[in-house]
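Engineer: Provided herewith is a single structure, encoded as structure tokens, for subsequent inquiry.
Every number in this text was worked out from the coordinates using simple rules, so none of it is lab data. Just so we're clear, the structure is a prediction, and the values are computed from it rather than from any experiment. Reconstructed Cβ throughout: ideal geometry from the backbone, glycine too, with neighbour counts over all protein chains shown.
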């Protein structure tokens, strides 16, 4: 899809850098020990986050990431999550988008699954 700007994934604890564009937290739970000011977010889209059940099952186990991605994509078909995903896609058509998570390894997080879907 050529009408989408750059979509990046990062940790919410890392400061904004040039080119981040719109910074969106995609976790359901606010990051531990982080003030709203320090987070420097443009939005917090917690409705797009995986369900508590899925998050607990996954437990950020790299062995489960592929299956987590499949299950999470199914959850993203639910109306509220689908609407928020559509909102993120619309943002990515306007500007660079950085999807943020508090997860230690952002490379195996819901943000990666979302970025892939947004990029098309």
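Engineer: Could you put 61, 20, 42, 27 in order, starting from the residue whose Cβ has the fewest other Cβ atoms within 10 Å?
Structural biologist: Working: 61 11, 20 19, 42 15, 27 22.
Fewest-to-most ranking of 61, 20, 42, 27: 61, 42, 20, 27.
Engineer: Just to be sure I understand, if you calculate log10 I(q)/I(0) by the Debye sum over Cα atoms at q = 0.12, 0.20 Å⁻¹ for this structure, which of (i) -0.34, -1.05; (ii) -0.49, -1.03; (iii) -0.39, -1.12 do you get?
Structural biologist: (iii)
Engineer: Helix-only estimate, please: 222 nm mean residue ellipticity of the chain, summing -39500 (n - 2.57) across DSSP H runs of length 4 or more and dividing by its residues, to the nearest 500.
Structural biologist: Per the formula, -11500 deg cm²/dmol.
Engineer: Once each part is reduced to its C-alpha centroid, what is the distance from segment 23-54 to segment 70-120 in angstrom?
Structural biologist: Segment 23-54 and segment 70-120 have Cα centres spaced 12 Å from each other.
Engineer: If each residue's Cβ is checked for other Cβ atoms within 10 Å, how do 58, 72 rank with the fewest at the top? Walk me through the numbers on the way to the answer.
Structural biologist: Numbers: 58 19, 72 23.
By the 10 Å Cβ count, ascending, the order reads 58, 72.
Engineer: OK, next. Provide 101, 52 in ascending order of the number of other Cβ atoms located within 10 Å of each residue's Cβ, fewest first. It would help to have the intermediate numbers written out before the result.
Structural biologist: On the way: 101 22, 52 10.
Placing the least packed residue first, the sequence is 52, 101.
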